[in-house]
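> If you scroll down you'll find the structure; I have some questions about it.
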Amino acid sequence: MHAAPLIIDGDPRKMSATLLSIVLNREAISVNQDSLNQPGSLLAKQGEIEIWTRTLNGGRTALALSNRGIEPADVRVRWPDLGLKG
């Protein structure tokens with residue numbers, strides 16, 4: 001979400017299957033490498049929950065919901081609160 005170069009710290013041959021699936025996720029890579037190069041912005045913070053948005057090329061928007069806590073949490077977002085149209 002921060003429009004930074006994609007950097008992997010570690011040997012991909014030794015990554016767990018879970019980590020490798022994240023690193024090779026085409027949708028995540030396309031958000032990271034979007035040509036508009038706009039940084040994401042924190043839309044809301046609710047305790048340990050963060051909601052981020054990022055404007056992408058072609059009028060698209062990326063959304064990231066992050067739980068920074070150690071306990072599972074429910075996250076709810078209303079589309080109108082995101083400022084999206086359509």
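The numbers here are math on the coordinates, done by the rules we state, and not lab data. In this text, all values refer to a predicted model and were calculated from it rather than measured experimentally. Here Cβ is always computed from backbone atoms with ideal geometry, including for glycine, and neighbour counts include all displayed protein chains.
> Can you run phi through the Karplus equation (6.51, -1.76, 1.60; θ = phi - 60°) for the stretch 40-55 and list ³J(HN,Hα) in whole Hz, with x for Gly and Pro?
Each residue of the stretch 40-55 in turn: x, 9, 6, 7, 7, 9, 10, x, 8, 8, 10, 10, 10, 10, 8, 6 Hz.
> Taking H as built 1.01 Å from N, whose amide H comes closer than 5 Å to the amide H of residue 40, not counting residues under 5 places away?
2, 3
> OK, next. With θ set to phi - 60°, apply the Karplus curve 6.51 cos²θ - 1.76 cosθ + 1.60 along the stretch 63-69 and write out the HN-Hα couplings as whole Hz, x wherever there is a Gly or Pro.
10, 10, 10, 10, 9, 8, x
> What FRET efficiency, computed as 1/(1 + (r/R0)^6) with R0 = 25 Å and r the Cβ-Cβ distance, is obtained for residue 44 and residue 4, rounded to the nearest 0.05? It would help to have the intermediate numbers written out before the result.
Numbers: r = 22 Å, r/R0 = 0.87.
The formula returns an efficiency of 0.70 here.
> Next up: So how much slack lies between residue 56 and residue 11, counting 0.36 nm per residue of separation and subtracting their Cα-Cα distance, in nm?
On the way: separation 45, 0.36 × 45 = 16.20 nm, distance 2.98 nm.
Length difference between fully extended and current span is 13.2 nm.
> Also: So if R0 is 22 Å, what FRET efficiency would residue 21 and residue 75 give, r being the distance between their Cβ atoms, rounded to the nearest 0.05? Spell out each step's value before the answer.
Details: r = 21 Å, r/R0 = 0.98.
After rounding, the FRET efficiency stands at 0.55.
> For the stretch 52-83, which trypsin sites (Lys or Arg not before Pro) pass both filters: DSSP loop (anything but H, G, I, E, B) and at most 13 other C-beta atoms within 10 Å? Numbers along the way, then the final one.
On the way: sites: 54, 60, 68, 76, 78; in loops: 60, 68, 76, 78.
Taking the stretch 52-83 and a limit of 13 other Cβ atoms within 10 Å, the loop trypsin sites (Lys or Arg not before Pro) found are 60, 68, 76, 78.
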